[in-house]
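In what follows, a single structure is set out as structure tokens and then discussed.
Read-outs throughout are calculated quantities, based only on the coordinates presented, and are distinct from any laboratory measurement. Predicted model, so just to flag it, every value in this text is computed and none were measured. Reconstructed Cβ throughout: ideal geometry from the backbone, glycine too, with neighbour counts over all protein chains shown.
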Amino acid sequence: MSQNSSNSPQQPNGEEPPQYGVRLPEDQRPAPPQQQSQPSNPYGGGQVPPPSPGQYGQQSAASSSGQSGPYSAGPYQNSPYQQGGFQQPGPYGPGQGTTPTPPKSIMVAFGLILAAGALTLVSGIILLMTPTPQLAAMLEELYAADPMLSEQLATTGISVTALADLAKTFGVVMMVVAVAIYALIAFFIRKGSNGARVTGTVLAVLSLAGLVGTDVLTMLTTLLGIGGIVAAWLRPSSQYIAAVKEAKRWRR
């Protein structure tokens with residue numbers, strides 16, 4: 001025993017090292033390891049609670065089913081990109097098949113063109129009520145002022161009275177046709193037809209030739225028609241016609 005104890009290593013302070021299997025006194029026992037504290041929330045509010053089982057799976061299922069979750073809310077939750085495509089804003093709404101309301105400029109164009117048609121109808125009524133001898137006297141004055149026309153009338157062998165009856169009938173028919181064209185253009189422009197607007201523009205340009213040397217009623221009729229076409233080309237009118245075209249495309 002003395003030999004073994006002499007060969008055993010000594011501690012620097014003279015105490016023997018602890019032997020395995022030997023119970024140490026309480027004052028020499030090592031301190032137990034301290035439990036690690038849970039990580040604190042860097043944003044305040046104490047410690048971060050551990051996630052419950054299946055929490056992330058429930059959140060994924062809620063997101064896929066379209067339900068709201070803690071990560072589903074955001075500035076783009078109700079955006080048009082999340083509701084099935086971008087909706088272009090405009091004064092007439094998204095235009096998904098609904099017919100827009102005509103703006104004021106379209107209604108002004110509609111009223112002016114109808115007024116021009118009404119004056120054309122008045123002109124036709126006046127021509128129809130004009131006696132044939134009065135028209136014949138007017139034609140005789142016209143032919144007497146131009147010798148070439150008088151020679152052509154004599155060559156054809158048609159009397160001035162018969163020519164007055166023919167001119168009266170032809171003039172009334174043409175005015176009725178003109179009234180129908182005015183009405184169709186006005187109603188189709190109000191419905192948003194770009195073809196009616198283009199047709200009215202061509203007729204308005206052709207009617208400019210009738211402003212020279214005509215009576216007051218014909219001149220007023222021409223100016224009303226031109227004013228209606230100009231109103232149909234204003235910016236609100238063009239936006240309305242484009243919105244009607246888009247609504248028709250949605251209904252197809």
For the pair Val230/Val202, report the inter-label distance in nm, with labels modelled 7 Å from Cα in the Cβ direction. 2.3
With r as the distance between the Cβ atoms of Phe187 and Asp146 and R0 = 45 Å, compute the FRET efficiency 1/(1 + (r/R0)^6) and round to 0.05. 0.60
Quick check on packing: order 173-182, 156-165 by the mean number of other C-beta atoms within 10 Å, highest mean leading. 173-182, 156-165
Report the full-extension gain for the segment Val122 to Val176: residue separation times 0.36 nm, less the Cα-Cα distance, to one decimal in nm. 18.4 nm
Relative contact order of the range 107-251 (C-alpha contacts under 8 Å, at least 6 apart) in percent is 40
Report, ordered by chain and residue number, the lysines lying within cross-link reach of Lys248, taken as a straight Cα distance under 20 Å and ignoring same-chain residues fewer than 8 apart. Lys191
Rounded to the nearest whole Å³, what is the per residue volume of the convex hull around the Cα atoms of the range 107-251? 122
Hey, if you put +1 on the Cβ of every Lys and Arg and -1 on every Asp and Glu Cβ in the range 107-251, which of Ala232, Trp250, Thr221 ends up farthest toward the positive end of that dipole? Trp250
